[in-house]
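The values are calculated or read from the model by the stated rules, or taken from the named source; none is laboratory data. What you see is a predicted model, and the numbers here were worked out from it, not measured in a lab. Virtual Cβ from ideal backbone geometry, glycine too; neighbours counted across all protein chains shown. Accessible surface is based on the protein model in full, side chains and every heavy atom, while ligands, DNA and RNA are left aside. Shrake-Rupley method; radii C 1.70, N 1.55, O 1.52, S 1.80 Å.
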Amino acid sequence: KRRQQEDKLSIMKQKTSFKGKKLLIIGATTETSLLVKKANDMGILTYVADHLDNSPAKKFASYPLKIDGFDIQSLYRVIEDQQIDGVLVGCADILVPSYQKVCELANKPCYLTKDIVEIFANKKNLKRKLCEFGLPTIPEYNITNETSLKDLDDLSYPVLLKPVDNNSSKGMSVCYNRDEVKDAYNIALSYSRSKTVLVEKYMTCDDITVSYVFQNGIPSVTTIGDRYVNREQANVGTITSAVIYPSRHSQLYFDTIHDKMCKLFSAMGIKNGILSIQGFVENNKIMFYDPALRITGCQYYVLVKHFCDVDLLEYLITFAITGSTDNICLNGKVDSYFGGKIGANLVISVKTGVIKEIIGVDKLRSIPGIINITQEHFPGDEIRIAGTANQNIMRLHAVAKEKADMQDIMRKVQSCIKVYDGHENDMLLKQTDPEVI
């Protein structure tokens, strides 16, 4: 009890000391809104930069800024002119390098170095580093614009093509023959800032996501979840339909992967911050493939706060402002098994088209066990591209004591939410069958 009281007093002192401090957040997606709100709650003045006028997170900012996240010099001038105390990146992989460069230029606390970004913000570089530490990876094919049709015939189809440095499934295509590969290669190339395309075996096995928090060089696993995906759209990458925590493969991860990952993190010099990484599980092998050095769209930190009483958003903000997290107690509190309980990130996704009506949102809020709803799209919004996270119209976080309770929550969610276009067509994509968890 004394330790809990000391922790509360420490947090109260921090909040008081943050009043009037200034934080620049680069990127303003819907998923970034919770980060902005948390900083506001801590008494911090928030400067949110994005190239669009109506980016969702900007409406919560103390000072919304129309600045492109790639415009390093303009971001630097804001830091200097406004005497900004700290900088963070929102929920966008492509802006992670900007965050690191701006912090370095302005001499602000940053949990990343250039070397870390080069590995963990690039899928191809990550594969090379994983191999270096004896970790299994997805089979890969070398393809360029000059690859012959005969060589394409020799591939083991289906294959997945994706840019090495983008996020939210943008630029991904699933190809079942050589004719599809040519077009898919150019699509992936158009989404890559480095003009590099990764071609891999298309995996249909179990999918997991692992998240970490670092404090003074010590990594802790915050979550391991089973990722369920929607595959009903032809020739495009899968999109998440649910993530259920803890994963059925948690023990496999700790038995076969964790120690090697810790050695990799140590070698890369990761001291503080967060990191998430997705992986496939096939024949008792975990093959990581997609890293994230920022808060993720699945907002797993909502569940970590609920189950472990660890506020990862406050942790990031504290580091950004002070350069230290010593006053935040993580040791012994982070538990990726959630004390035997169950958490879920449930995703409502729709087909392409213009949304006319969304029915049942108020009913969702009344379902016991739902602790957060993040709505990303509203009536009038147009969904243009299939196979991307832009098809997600809302994310729900649910908690339960038993598997049967979580299945019941999922059934209630699926029974009350309806989405229609202007022709009264059902726009909903299939959601995860509660029976599979």
For the range 181-206, how many residues meet the condition of being of a type in the set (Asp, Glu) and either assigned to a loop (DSSP other than H, G, I, E, B) or open to solvent by less than 10 Å² (accessible area, probe 1.4 Å) (or both)?
1
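I'd like the residue in the range 349-372 that is closer than 16 Å to Val302 by Cβ and touching a residue at least 24 places away in the same chain (Cβ under 8 Å) and, out of all such residues, is least open to solvent (accessible area, probe 1.4 Å).
Per the stated criteria, the residue is Leu364.
One line per residue, one yes/no per condition, for (1) β-branched (Val, Ile, Thr); (2) on the phi < 0 side of the Ramachandran plot; (3) touching a strand residue (DSSP E or B) at 6+ places or on another chain (Cβ under 8 Å):
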site	(1), (2), (3)
Gly225	no, yes, yes
Asn235	no, no, yes
Thr240	yes, yes, yes
Pro246	no, yes, yes
Ile257	yes, yes, yes
Met261	no, yes, yes
Asn272	no, yes, yes
Residues in the range 153-160: is at least one under 20 Å from Met287 (Cβ atoms), part of a loop (DSSP other than H, G, I, E, B) and modelled with pLDDT of 85 or more?
yes
So the helices (runs of 4 or more DSSP H) completely within the range 297-383 holding 3 or more residues that are over 23 Å from the mean Cα position of the chain (by Cα) and over 24 Å from Lys170 (Cα atoms) are 361-365
Hits in the range 174-210 (condition: over 20 Å from the mean Cα position of the chain (by Cα) and polar (S, T, N, Q)):
Asn177, Asn186, Ser190, Ser194, Thr196, Thr204
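Rundown of residues vs (1) at pLDDT below 95; (2) open to solvent by 10 Å² or more (accessible area, probe 1.4 Å), yes/no style:
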position: Gly225; (1), (2): no, no
position: Tyr228; (1), (2): no, yes
position: Ala234; (1), (2): yes, yes
position: Cys262; (1), (2): no, yes
position: Ser266; (1), (2): no, yes
position: Gly269; (1), (2): no, yes
position: Ile286; (1), (2): no, no
position: Thr296; (1), (2): yes, yes
Those residues of the range 105-123 which are more than 17 Å from Thr137 (Cβ to Cβ) and either part of a helix (DSSP H, G or I) or charged (D, E, K, R) (or both), in sequence order
Leu105, Ala106, Lys108, Lys114, Asp115, Ile116, Val117, Glu118
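Rundown of residues vs (1) under 30 Å from Leu428 (Cα atoms); (2) buried (at least 21 other Cβ atoms within 10 Å of the Cβ); (3) in contact (Cβ under 8 Å) with a residue 40 or more places away in the chain, yes/no style:
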site	(1), (2), (3)
Ser247	yes, yes, no
Thr256	no, no, no
Ile274	no, yes, yes
Ile277	yes, no, yes
Leu312	no, yes, yes
Ala320	no, yes, yes
Go through the range 220-272 residue by residue and tally those that are among the hydrophobic types (A, V, I, L, M, F, W, C), within 14 Å of Ser336 (Cβ to Cβ) and assigned to a loop (DSSP other than H, G, I, E, B).
1
Just give me the residues in the range 96-120 being within 21 Å of Phe265 (Cβ to Cβ), open to solvent by less than 10 Å² (accessible area, probe 1.4 Å) and touching a helix residue (DSSP H, G or I) at 6+ places or on another chain (Cβ under 8 Å), in sequence order.
Val96, Ile116, Phe120
Given the residues Thr318, Thr296, which is the only one that is among the hydroxyl-bearing types (Ser, Thr, Tyr) and over 25 Å from Lys403 (Cβ atoms)?
Thr318
Which residues, taken from the range 53-74, are in a loop (DSSP other than H, G, I, E, B) and either open to solvent by less than 80 Å² (accessible area, probe 1.4 Å) or within 19 Å of Cys103 (Cα to Cα) (or both)?
Ser55, Ala61, Ser62, Ile67, Asp68, Gly69, Phe70, Asp71
Inside the range 69-95, can you point out the residues that are touching a residue at least 60 places away in the same chain (Cβ under 8 Å) and in contact with a helix residue (DSSP H, G or I) (Cβ under 6 Å, 6 or more places away or on another chain)?
Asp85, Gly86, Val87, Leu88, Val89, Gly90, Cys91
